[in-house]
Amino acid sequence: TDAGTLLREYAERLINLRDEVKKSLMELDCLKRGELALGVNESSIHALLPALAQFRELHPGVQVRVHRMFSRDIPHEVVNYRLDLGAVSFVPRETQLQATEILKDELTLVVPPKHVLAKKREVEIEELAKESFIAHIVDSPFRRKVIELFARHRTPLNMPIEMPTIESIKRFVQMGMGVAIVPRMCVTWEVEHGWLKELKIRQM
């Protein structure tokens, strides 16, 4: 009948649509398509770049969106499903989250190549009393630890300049405007190329 012919056409379209949905869901499961929302702070992206490059090679159909935000906000965003993953520099307290260590990093002192301390490999904290430190304006556990370390050793910590990004801190150090304590993974490239000199603070 005409009604049967019409119904058959719709039935075929429904079956084709069902097959398309199944195929799309399978592609999502196999990471052939979809979207990955990743939350990072300014320094953690340095640790993730090699892994992201490898992920892109394995799953070129997946759209990767990296959102920059403060570490303290990332766990909350993951719990509320606004992010799929987050990279932070601490173990989150949220019981709903699972944390996996991906990299161990440390803070390091960097100075310009022509700085008076550049010939040394290690310095005492007291030697830094007269140095001008270029600081990160963002409050963080690492910043507080450095301030506490200098206070504990009764050494002045002069921070006349505060910058909004680690990138700007590195550039200012290269220009000879001061020294800085930064995450080591953020300056590996500059140290390898001789644009910055890395020193160890014995007490840190």
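The values are calculated or read from the model by the stated rules, or taken from the named source; none is laboratory data. Just so we're clear, the structure is a prediction, and the values are computed from it rather than from any experiment. Virtual Cβ from ideal backbone geometry, glycine too; neighbours counted across all protein chains shown. Side chains are part of the model used for accessible areas, which takes the heavy atoms of the whole protein and leaves out ligands, DNA and RNA. Shrake-Rupley method; radii C 1.70, N 1.55, O 1.52, S 1.80 Å.
Some points to look at:
- About the Cα centre, charge dipole magnitude for the chain (Lys/Arg +1, Asp/Glu -1 at Cβ), debye: 700
- From the coordinates shown, Rg/Rh (Cα atoms, Kirkwood Rh) corresponds to which of (1) 1.23; (2) 1.01; (3) 0.94: (1)
- Using C-alpha pairs under 8 Å with a sequence gap of at least 6, the mean separation divided by the residue count of the chain gives a relative contact order of 23 percent.
- Span-like helix criteria (full DSSP H runs; alpha carbon extent of at least 20 Å along the helix axis; mean Kyte-Doolittle hydropathy of at least -0.5) are satisfied in the chain by 44-58.
- Overall form of region 49-111: oblate. Here a/c, set by the Cα gyration tensor axes a ≥ b ≥ c, is 1.5 or more, and a/b is not larger than b/c.
- Against the empirical curve 2.2 N^0.38 Å, the C-alpha radius of gyration of region 108-204 lands at a ratio of 0.98.
- Per residue, the chain exposes 69 Å² of accessible surface when a 1.4 Å probe is rolled over the protein heavy atoms with every protein chain present.
- With every protein chain in place, the chain: carbon and sulfur % of accessible area (1.4 Å): 55
- Here the label points at T188 and E106, each 7 Å from Cα along the C-beta direction, are separated by 1.5 nm in the simple model.
- Cα gyration tensor, region 33-137 - rounded (a/c under 1.5), prolate or oblate: prolate
- The stretch between R143 and K114, if pulled fully straight at 0.36 nm per residue, gains 7.9 nm over its current Cα-Cα span.
- Calculated from backbone phi, Karplus (6.51, -1.76, 1.60) coupling profile of region 91-101 in Hz, x at Gly/Pro: 8, x, 7, 4, 5, 6, 9, 10, 10, 10, 6
- The label-point distance for V64 and N158, in a model that sets each label 7 Å from Cα toward Cβ, rounds to 4.3 nm.
- Local net charge near I125, Cβ-Cβ under 14 Å (Lys/Arg +1, Asp/Glu -1): +1
- Lysine pairs within the chain, Cα separation less than 14 Å, 8 or more sequence positions apart or different chains: 8
- Anisotropy class of region 151-204 from Cα gyration tensor, a/c 1.5 cut: oblate
- Across the protein chains, with a 1.4 Å probe defining accessible surface, the residues W189, W195 rank W189, W195 from largest area downward.
- For the chain, the share of DSSP beta bridges that are antiparallel, to the nearest 5, is 30%.
- Using C-alpha pairs under 8 Å with a sequence gap of at least 6, the mean separation divided by the residue count of region 53-163 gives a relative contact order of 18 percent.
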